[in-house]
Amino acid sequence: MHNKFLIVLVFSLVLVSCNSNLVFSDYEAMENGSWSMDNPIKFEFSKLDSIQTHNMFINIRNDNTFQFNNLFLITELEYPNGNTLKDTLEYKMAEPSGEWLGKGLGSIKENKLWFQEKIVFDDSGVYKVNITHAMRKNGDVDGIYVLDGITDVGLEIEKSTQ
């Protein structure tokens with residue numbers, strides 16, 4: 001009887017600790033932990049609260065084969081009316097010492113990276129997000145075609161609390 005109570009208690013704590021502001025979450029796994037430059041990650045969503053402000057995050061899971069301390073991404077947010085917001089973003093992934101900034105046990109680290117802040121989805125219809133890596137080595141004009149060490153790319157949307 002004591003064990004059942006403990007299991008129920010732990011399960012209840014897990015449910016309570018979940019993010020109640022989360023309204024969308026999806027991940028795309030990279031085949032063999034490699035992300036090809038010509039393989040944009042695509043997400044679609046609709047039917048979000050049209051009055052509430054939201055924060056959007058790009059989630060990146062990497063392992064120890066990722067060779068860089070930063071990550072460049074090209075993002076596109078396409079509205080249902082066809083307007084597109086395109087941006088190039090840079091994220092710090094590791095300290096100069098090589099220590100990963102992400103969270104997680106073992107060799108996989110997850111980074112929750114700001115994408116859009118206090119955005120309102122007031123158009124009805126389908127929104128589309130495309131994410132492509134834009135990595136290149138210093139001094140090289142051509143980008144890195146296959147980026148090793150990225151295991152998953154995700155998109156999260158949360159209700160803004162401010």
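The values are calculated or read from the model by the stated rules, or taken from the named source; none is laboratory data. Quick caveat: nothing in here was measured; it's all calculated off a predicted structure. Using ideal geometry, Cβ is built from the backbone for each residue, glycine included, and neighbour counts are taken over all protein chains shown. For accessibility, only protein heavy atoms count, side chains too; no ligands or nucleic acids. Shrake-Rupley method; radii C 1.70, N 1.55, O 1.52, S 1.80 Å.
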Between Gln52 and Asn19, what is the spin-label point distance in nm, taking each point 7 Å from the Cα along the Cα→C-beta axis?
-> 1.3 nm
Kindly report the accessible area of the chain per residue (heavy atoms of protein chains, probe 1.4 Å, no ligands, DNA or RNA), in Å².
-> 62 Å²
Working out 0.36 nm times the residue gap between Val126 and Glu78, then minus their Cα-Cα distance, what length gain in nm do you get to one decimal?
-> 16.4 nm
Relative contact order (percent) for the chain, with alpha-carbon contacts under 8 angstrom and 6 or more residues of separation?
-> 42 percent
Determine the alpha carbon to alpha carbon distance for each of Lys42/Lys86; Lys86/Lys128; Lys47/Lys128; Lys86/Lys118; Lys103/Lys128 and list only those over 22 Å.
-> Lys103/Lys128
